[in-house]
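The values are calculated or read from the model by the stated rules, or taken from the named source; none is laboratory data. Only a predicted model underlies this, so the values are computations on that prediction, with no experimental measurement involved. Ideal geometry is used to build each Cβ from the backbone, glycine not excepted, and the neighbour counts take in all protein chains shown. In case anyone asks, the SASA skips ligands and DNA or RNA and just uses the protein heavy atoms, side chains included. Shrake-Rupley method; radii C 1.70, N 1.55, O 1.52, S 1.80 Å.
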Amino acid sequence: MTDGRIFLALSGLMCLGVFLNGVRFARMTRNPWAGMKLFGQDVQGSDLSVERVRLLGWLQAIAAPLIFVFFAALAFGLLGPVEGIETIQL
């Protein structure tokens, strides 16, 4: 990846996906993995309470914009030059 704009666009799409997934989990009313099995074994997280699932969603929804700000600082060169990324010039 040599262009900072491409880096910022791809990281923005990833952060948007994590944010939307976090909002989805934050609004859940039941554990989506409860009672599910994979290859005869319980799915990991099937024993979590609804409050814990919602907490994971809130953490994702809060962390995604913060990580995007970090990626933007990298792309604009605010944290110094990064090898392999051409910074965005305004």
(message) For the chain, I need the span (max minus min coordinate) of the C-alpha atoms along each principal axis, in Å, sorted largest to smallest.
(response) 52, 27, 17
(request) Report the normalised scattering of region 45-87 as log10 I(q)/I(0) at q = 0.15, 0.24, 0.28 Å⁻¹, calculated by the Debye formula with identical scatterers on the alpha carbons. (result) -0.53, -0.77, -0.90
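Around MET36, with a cut-off of 13 angstrom between Cβ atoms, what is the net charge of the other residues, counting Lys and Arg +1 and Asp and Glu -1? Present the calculation step by step, with values, prior to reporting the outcome.
Numbers: positive: ARG30, LYS37; negative: ASP42, ASP47.
Net of charged neighbours comes to 0.
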(request) Scan around ASP3 for amide H atoms under 5 Å from its own, H built in the peptide plane at 1.01 Å from N, and keep only partners 5 or more places away or cross-chain. (result) GLU86
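Which loop-located chymotrypsin sites (Phe, Trp or Tyr not before Pro) does region 18-90 contain, where loop means any DSSP state but H, G, I, E or B and the Cβ has at most 12 other Cβ atoms within 10 Å? Provide the component values of the computation, followed by the final result.
Numbers: sites: PHE19, PHE25, TRP33, PHE39, TRP58, PHE68, PHE70, PHE71, PHE76; in loops: TRP33, PHE39, PHE76.
Passing sites in region 18-90 are PHE39.
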(message) Explain nothing, just compute: Karplus ³J(HN,Hα) = 6.51 cos²θ - 1.76 cosθ + 1.60, θ = phi - 60°, for every residue of region 8-23 in order, whole Hz, x for Gly and Pro.
(response) 5, 5, 5, 5, x, 5, 5, 5, 5, x, 5, 4, 5, 5, x, 5
(message) Counting only helical runs of four or more DSSP H residues, what would the 222 nm mean residue ellipticity of the chain come to if each run contributes -39,500 (n - 2.57) and the total is spread over all its residues?
(response) -19000 deg cm²/dmol
(message) So, taking all protein chains as they sit and a 1.4 Å probe, how much accessible area belongs to ASP42, in Å² rounded to tens?
(response) 100
(request) With all distinct Cα pairs included, what does the Kirkwood hydrodynamic radius of region 9-50 come out to in Å, to one decimal, could you say? (result) 12.0
(request) Scan the chain for GluC sites (Glu not before Pro) in coil per DSSP, keeping those whose Cβ has at most 11 other Cβ atoms within 10 Å, and list them by number. (result) GLU83
(message) Counting other C-beta atoms within 10 Å, and keeping those with at most 15, which DSSP coil trypsin sites (Lys or Arg not before Pro) do you find in region 1-73?
(response) ARG27, ARG30
